[in-house]
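To keep things clear, I will list the structure first and then write my remarks on it.
The values are calculated or read from the model by the stated rules, or taken from the named source; none is laboratory data. Note that the structure is predicted; figures quoted are calculated from it, not measured. Cβ atoms come from the backbone with ideal geometry, glycine included; neighbour counts cover every protein chain shown.
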Amino acid sequence: MNDQSPPNTEAMFNPFSPEFVRNPYPSFHMLRASQPTMKTPLGFWVATRYDDVAMILKDRRFGKGFEARTLQRYGEEIFQNAAYRSMRHWMLTQDPPDHTRLRGLVSKAFTARRIEGLRPQIQALVDELLDTVSDRGGMEFIREFAYPLPVNVICDMLGIPPEDRARFEVGGKVSGRLIDPTPMTEEELAATNEGFLEQEAYFKELFAARRAEPQDDLTTVLVQAEEAGDRLSEDELVGNMILLFGAGHETTVNLLGNGMLALLSTPGQYEKLRDNPDLIPGAVEEMLRFDSSVQMTGRAAFEDVQVGDVTIGAGEHVICLLGAANRDPEQFDDPDEFAVDRVNVRPMSFGGGIHFCLGAQLARVEAEVAIRCLLERLPNLRLGFEGDAEFKPTFTLRGLTGLPLAWDAD
């Protein structure tokens, strides 16, 4: 007689737990070993293996299913909330043909050639930020560097003038919670509603200004597409501007923070990268893999689909745990080790399939330029605190509340 107890699924996947949010990786390993594709007590599936996650993200039998998932969680009244009303029109939440149309309009601003052309501008921003702090011997890295760099880059692309950028300094807690797998509280819903109403009002003013006086920016491109007819509605225009601003900086902030924490807390890796700067592009991929800025992305099955040993039924939802896929020992040797010279990394951090992150190359360029300059200009760079770093209380977007750094100012 087998009296072995069933696995404790709540212990392995409990996005309500502060301990899980602080360090989900031990739970990911338990999940992958016992139930690599598991149905949670919350009613959705989670997938943890690299190959399974890659398949789900590329397979057209899966889609976003955003409205059905949101209605199931909150009911129809949720779309009276400005945040969810906006998300209803994001290309990130759409399936073809709307996704194809929206992405086609926006992707023109994110070609590889155009992103590479931004290197001098990114370099100038990095130099300006480091000029401010280099002689001090220390800084709060998130606030003084990791946040302002990508924010200024995406604001320049969108055409948001410098004097307006302070209006967008919204804390990561609520914005991150918006796409977490756990329902938001009434207070969080109210805060997101207020924040999105303010952004809607601002972008409508910016649209009016660009209609009156076009500029060489992405806002003008999208406004002109909206004026061309049914290619872009007013709601789609507003929603995707909000998406581009948020997605254009928040994940890069986390990439820089999580990546520098891993680099400076793993013995020997800072020195290896400092002495071998040609490793920087690969080190950025390792940073993405080791502690992914985006930990999960969701899909809905359009029909019954076999994933490993289980069948995900039509209409059911599955969360692809990108952070778990990035630590899969079947894909990566010693997955819990951070190594700047790891080769052929290919992390899942930017998703896959038709929803592969549009800004992936931009994030990579920003990180490469930033890390190169940090290593060159700040001698003996090191963590400026003792003990454990503190992560924001969100699961989907994984990032630090702060990261004090120190160096030899002389």
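For the stretch 263-302, a residue qualifies if it is in a loop (DSSP other than H, G, I, E, B) and within 30 Å of P41 (Cβ to Cβ), and the qualifying residues are D291, S292, S293, Q295, F302. Among the conditions (1) charged (D, E, K, R); (2) in a helix (DSSP H, G or I); (3) in contact with a Gly (Cβ under 8 Å, 6 or more places away or on another chain), the only one that R103 does not satisfy is (3). Consider only pairs whose beta carbons are under 9 Å apart and that are at least six residues apart or on different chains; among these, list those whose first residue lies in the stretch 66-79 and is under 17 Å from T182 (Cβ atoms) and whose second residue is among the small types (G, A, S) and surrounded by fewer than 17 Cβ atoms within 10 Å (Cβ to Cβ). Partner pairs satisfying both residue conditions: Q72/G43.
Residue under question is T192, and the condition is that it be under 27 Å from C320 (Cα atoms) and surrounded by 15 or more Cβ atoms within 10 Å (Cβ to Cβ); does it hold? Judged against the criteria, T192 is a match.
Filter the stretch 22-54 down to residues that are assigned to a helix (DSSP H, G or I) and without any contact (Cβ under 8 Å) to a residue 40 or more places away in the chain and give me whichever is nearest to P335 (Cα to Cα).
Result: P26.
Among the residues of the stretch 235-255, is there at least one that is in contact (Cβ under 8 Å) with a residue 60 or more places away in the chain, under 30 Å from E140 (Cβ atoms), among the charged types (D, E, K, R) and crowded, with 18+ Cβ neighbours inside 10 Å? Checked the stretch 235-255: at least one residue is in contact (Cβ under 8 Å) with a residue 60 or more places away in the chain, under 30 Å from E140 (Cβ atoms), among the charged types (D, E, K, R) and crowded, with 18+ Cβ neighbours inside 10 Å.
Remark: pairs (first residue in the stretch 178-191, outside any loop (DSSP other than H, G, I, E, B); second residue at pLDDT 80 or above; Cβ separation under 6 Å; 6+ apart in sequence or on different chains) = L189/N81. Annotation note: Cβ proximity below 8 Å between a residue of the stretch 391-410 that is exposed (fewer than 15 other Cβ atoms within 10 Å of the Cβ) and a residue that is modelled with pLDDT of 90 or more and among the polar types (S, T, N, Q) (sequence gap 6+ or interchain) occurs for D408/N380; A409/S134.
Would a scan of the stretch 83-106 turn up a residue that is of a type outside the set (S, T, Y), closer than 25 Å to M12 by Cβ and in contact with an Asp or Glu (Cβ under 9 Å, 6 or more places away or on another chain)? Lay out the reasoning, then the answer.
The initial filter retains those residues of the stretch 83-106 that are of a type outside the set (S, T, Y), namely 83, 85, 87-92, 94-99, 101-106.
From what is left, the residues that are closer than 25 Å to M12 by Cβ are none.
The answer is no, given that none of the residues of the stretch 83-106 is of a type outside the set (S, T, Y), closer than 25 Å to M12 by Cβ and in contact with an Asp or Glu (Cβ under 9 Å, 6 or more places away or on another chain).
None of F66, F28 is at pLDDT 90 or above and either among the acidic types (D, E) or closer than 25 Å to K392 by Cβ (or both) except F28.
Filtering the stretch 37-74 to residues that are of a type in the set (D, E) and crowded, with 18+ Cβ neighbours inside 10 Å leaves only D52.
Test Y84 against the stated conditions and say whether it is closer than 30 Å to R231 by Cα, of a type in the set (F, W, Y), modelled with pLDDT of 85 or more and within 21 Å of the chain's Cα centre (by Cα). Reasoning before the result, please.
Values: closer than 30 Å to R231 by Cα: yes; of a type in the set (F, W, Y): yes; modelled with pLDDT of 85 or more: yes; within 21 Å of the chain's Cα centre (by Cα): yes.
Yes.
Filtering the stretch 148-168 to residues that are β-branched (V, I, T) and not in a helix (DSSP H, G or I) leaves only I160.
Annotation note: of D164, D131, D127, the sole residue that is farther than 19 Å from D216 by Cα, of a type in the set (D, E, K, R) and in contact (Cβ under 8 Å) with a residue 24 or more places away in the chain is D127. When R103, R136 are checked against the criterion of being under 21 Å from the mean Cα position of the chain (by Cα) and at pLDDT 90 or above, R103 stands alone in meeting it.
Might you let me know whether the stretch 209-218 holds any residue that is within 17 Å of G104 (Cα to Cα) and part of a helix (DSSP H, G or I)?
Initial filter on the stretch 209-218 (within 17 Å of G104 (Cα to Cα)): 217-218.
Still in the list and also part of a helix (DSSP H, G or I): 218.
Checking the stretch 209-218: at least one residue is within 17 Å of G104 (Cα to Cα) and part of a helix (DSSP H, G or I).
Looking across the stretch 289-341, the residues that are among the aromatic types (F, W, Y) and either surrounded by fewer than 24 Cβ atoms within 10 Å (Cβ to Cβ) or modelled with pLDDT under 95 (or both) come down to F302, F332, F338. Taken together, the criteria exclude L358 from residues that are surrounded by 21 or more Cβ atoms within 10 Å (Cβ to Cβ) and of a type outside the set (V, I, T).
In this structure, does Q199 turn out to be over 30 Å from W407 (Cα atoms), surrounded by fewer than 20 Cβ atoms within 10 Å (Cβ to Cβ) and among the polar types (S, T, N, Q)? Against the criterion (over 30 Å from W407 (Cα atoms), surrounded by fewer than 20 Cβ atoms within 10 Å (Cβ to Cβ) and among the polar types (S, T, N, Q)), Q199 does not qualify.
Going residue by residue through the stretch 75-83, is there one that turns out to be crowded, with 22+ Cβ neighbours inside 10 Å, touching a helix residue (DSSP H, G or I) at 6+ places or on another chain (Cβ under 8 Å) and farther than 12 Å from G298 by Cβ? Within the stretch 75-83, one or more residues are crowded, with 22+ Cβ neighbours inside 10 Å, touching a helix residue (DSSP H, G or I) at 6+ places or on another chain (Cβ under 8 Å) and farther than 12 Å from G298 by Cβ. Scoring I115 on the criteria (1) over 18 Å from D216 (Cβ atoms); (2) under 19 Å from the mean Cα position of the chain (by Cα); (3) buried (at least 18 other Cβ atoms within 10 Å of the Cβ); (4) of a type outside the set (G, A, S) leaves a single failure, condition (1).
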